[in-house]
Structures are given as structure tokens and as C-alpha cells.
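Shown next, in C-alpha cells, is the structure this report addresses.
The values are calculated or read from the model by the stated rules, or taken from the named source; none is laboratory data. Given the structure is predicted, the values throughout are model-derived calculations rather than measurements. As a convention, Cβ positions derive from the backbone with ideal geometry for all residues, glycine included, and neighbour counts pool all protein chains shown. With ligands, DNA and RNA removed, areas are computed over all heavy atoms of the protein, side chains included. Shrake-Rupley method; radii C 1.70, N 1.55, O 1.52, S 1.80 Å.
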Amino acid sequence: MGSPQDDAYRLLNEYSNGFMVSQVLFAACELGVFDLLAQAPGPLDSAAAASRLGCSPHGTELLLDTCAALKLLKVEVRGGRAFYRNSELSSTYLASGSPTCQRNMLLYMARTTYRCWAHLAEAVREGKNRYLQVFGVPSEELFSAIYRSDAERLRFTRGLQEVWSVAGRSVLAAFDLSPFPLVCDLGGGSGALARECASLYPGCQVTVFDIPEVVRAAREHGAFPAEGRVGFREGGGLLVVESLLDEDGRGPLTTQLYSLNMLVQTEGRERTPSQYRALLASAGFHGFQFKKTGGIYDAILARN
Ligand SMILES: C[S@@+](CC[C@H](N)C(=O)[O-])C[C@H]1O[C@@H](n2cnc3c(N)ncnc32)[C@H](O)[C@@H]1O
């Protein structure tokens with residue numbers, strides 16, 4: 001017999017309310033809460049935060065207290081008034097001044113990913129995404145949600161830069177790439193992973209390849225991709241950086257969610273090691289190895 005104290009009922013509520021937690025995080029980023037508190041000379045009360053953010057006092061107080069409950073903010077009470085400051089998590093990952101800030105990725109998730117996920121049931125039913133309905137762009141175009149405007153493309157590229165500021169080293173150090181003097185990062189965006197590669201393997205010459213619009217934007221915003229064609233010579237290798245599914249496809253949960261994320265955004269999917277092995281073998285690669293990094297992204301190395 002079910003009861004409100006049941007673990008199952010508690011879990012059900014945790015899952016159904018999960019999107020609210022994401023929205024608190026997204027809204028606080030969007031409104032600039034973490035930057036305000038990082039730049040303030042000391043902790044602020046909700047009235048001061050509301051006036052500096054240009055937000056309602058009531059809404060701000062609710063948001064700040066919920067952020068505190070989520071360990072995104074620290075709160076101390078003085079003279080009956082609550083004062084808020086960033087927690088360690090927010091100082092490290094949410095304040096713009098931090099070298100590991102993930103703000104662009106979170107804003108991308110709020111403005112693109114979240115909106116695509118609102119159509120998950122249709123995507124599962126039809127095996128297709130719903131760009132046309134969500135963003136007014138035709139679904140035939142790959143990346144049309146992500147690249148629907150220059151601003152969103154730049155946001156996505158910057159978001160990936162932020163991801164690699166945290167996860168880049170572990171995927172590039174998963175295998176010793178020093179025997180490869182020439183490295184080409186295909187679809188390398190702004191060159192964030194390429195820069196990490198050049199710093200980890202100073203003997204390598206690294207070149208980034210991407211589509212013309214991305215190359216143009218990256219040049220305008222201070223990065224360095226080059227256009228061209230990639231050819232694999234004898235003795236070459238291919239490093240694939242992806243989130244690996246378990247062999248039976250039933251875990252880890254984050255990778256399963258990423259697979260659904262690929263469905264709603266690009267009609268793609270994440271893969272198991274065997275599926276990558278088959279894909280790479282069909283393209284003439286062998287000597288397949290993979291390493292789980294312990295982070296979200298794993299590494300696969302194959303030779304030709
Ligand atoms: C998911 S993003 C990854 C970007 C980058 N590797 C990173 O992790 O930061 C995929 C990239 O592939 C690029 N891309 C898509 N089609 C491409 C093509 N035909 N040739 C080169 N790059 C392409 C996209 O523009 C985008 O920058």
C-alpha cells in the first residue's frame with residue numbers, strides 16, 4: 001500500500017520536480033545572481049540583490065533561498081536578516097570570472113536543450129526532432145536548433161570551451177598521443193580541445209577543422225581554426241571523444257540521458273564500445289582501444 005513516506009513515492013516526486021531544480025539554476029545564471037555576488041564586496045541581502053538585479057524583491061528572495069537549499073549559495077543570518085554569498089560550487093563553476101565557469105553551457109541548455117526536451121515524447125514517437133515547432137527552422141537541417149542564429153552558435157561554441165576547461169585534460173591524457181606529430185581536430189569548434197592538446201603534447205602540431213561559419217566566428221572571437229581536408233595516412237590514428245554507453249546500453253544514466261538528448265537535438269545517439277568498434281572498422285580503422293575517464297566524456301583510439 002503506498003504512503004507519502006514511501007521511498008518510491010519520494011523518488012517519484014524527486015524525478016517529477018527535477019526540471020524545477022534545473023530552472024532555478026538556469027534562472028539564477030540568466031539573471032546574473034552568481035556574478036553579482038562574486039563582484040559584491042560582501043554578502044548581500046535579498047533586497048539589495050533585487051535592486052541591483054532589477055528584479056522583484058519577493059521573487060528574488062524566493063530564488064536566493066532556493067539556491068541556498070540547493071547549495072548554490074551560502075546564507076548567514078545577522079540581526080534577523082539573511083545575507084547571501086556564492087558557495088564553493090558557484091564560485092568555481094558559475095561566476096564568470098572563474099576559469100572553469102560553465103555559464104554559457106548552462107544558458108545554452110536553458111535556451112536550446114530544455115526547449116527541445118519539452119518535445120521528447122514526440123521525438124520518441126516519431127524518431128525525429130521538432131525544430132520546426134520549437135524554433136521555426138526545418139528539421140532536415142542538422143544542427144539547426146544549435147545553429148539557428150549567430151548568437152546561439154557562439155553560445156554553444158563558448159559552452160563547449162567551458163566544458164573542455166574542466167574535462168579536456170582527462171580525455172586527451174587517456175592515451176599517449178605524443179607519437180602523433182600532426183593532430184587534426186575535426187569539427188573542433190573554437191579550438192578549445194586543440195589548445196589543451198597543444199599544451200599537453202608540446203611536440204604536436206594541432207590544426208582545427210570546422211564549417212566556414214564556425215571558423216569565421218571563432219576567428220572573430222579570438223580562436224584559431226583553419227579550413228581544409230583531413231586525410232589519414234598510414235600509421236595515423238583517430239581519437240573519438242564521446243560519452244560511452246555500457247555494453248548492454250543500460251547505463252550509465254548520464255550517458256543514456258545524453259543519448260536521448262542527441263535524439264531531441266540532432267536525431268543522433270550515444271554508442272557502446274562495440275558499436276564504435278563496428279563503425280570505425282567499417283571506415284578502415286583497427287587496433288581499437290577505449291578508456292573510461294571517470295568523467296562524462298570518454299576516449300576511444302583506433303589506428304589505420
Ligand atoms: C558537438 S560540436 C563539437 C565541437 C568541438 N569538437 C568541441 O568539442 O568543442 C560539433 C562540431 O562539428 C562541426 N561540424 C559539423 N559538420 C562538420 C563538417 N562537415 N566538417 C567539419 N566540422 C563540422 C560543428 O560546426 C561543430 O563545431
Close pairs (7 angstrom Cβ cut-off, 6 or more residues apart or separate chains): more than 7 Å from the ligand (Cβ to nearest atom) in the range 185-208, charged (D, E, K, R) and open to solvent by 20 Å² or more (accessible area, probe 1.4 Å) anywhere: 194/185; 196/169; 200/169; 206/185; 208/185
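Could you run through the range 99-129 and say how many residues are in contact (Cβ under 8 Å) with a residue 60 or more places away in the chain and open to solvent by less than 70 Å² (accessible area, probe 1.4 Å)?
Within the range 99-129, the first condition is being in contact (Cβ under 8 Å) with a residue 60 or more places away in the chain, and the residues that meet it are 99-103, 106-107, 109-110, 112-114, 116-117, 119-120, 123-124, 127-129.
In the following step, the residues that additionally are open to solvent by less than 70 Å² (accessible area, probe 1.4 Å) were identified as 100-103, 106-107, 110, 112-113, 116, 119-120, 123, 127, 129.
Result for the range 99-129: 15.
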How many residues, within the range 143-186, are within 27 Å of residue 130 (Cα to Cα) and hydroxyl-bearing (Ser, Thr, Tyr)? 4
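Taking the range 20-56 as the region of interest, how many residues are part of a helix (DSSP H, G or I), surrounded by 12 or more Cβ atoms within 10 Å (Cβ to Cβ) and of a type outside the set (Lys, Arg)?
Taking the range 20-56 as the starting set, the residues that turn out to be part of a helix (DSSP H, G or I) are 20-31, 33-39, 46-53.
In the following step, the residues that additionally are surrounded by 12 or more Cβ atoms within 10 Å (Cβ to Cβ) were identified as 21-31, 33-39, 46-53.
Restricting the remaining residues to those that are of a type outside the set (Lys, Arg) gives 21-31, 33-39, 46-51, 53.
Residues flagged as part of a helix (DSSP H, G or I), surrounded by 12 or more Cβ atoms within 10 Å (Cβ to Cβ) and of a type outside the set (Lys, Arg) within the range 20-56 amount to 25.
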Which one of 176, 185 is among the acidic types (Asp, Glu) and in contact with a helix residue (DSSP H, G or I) (Cβ under 7 Å, 6 or more places away or on another chain)? 185
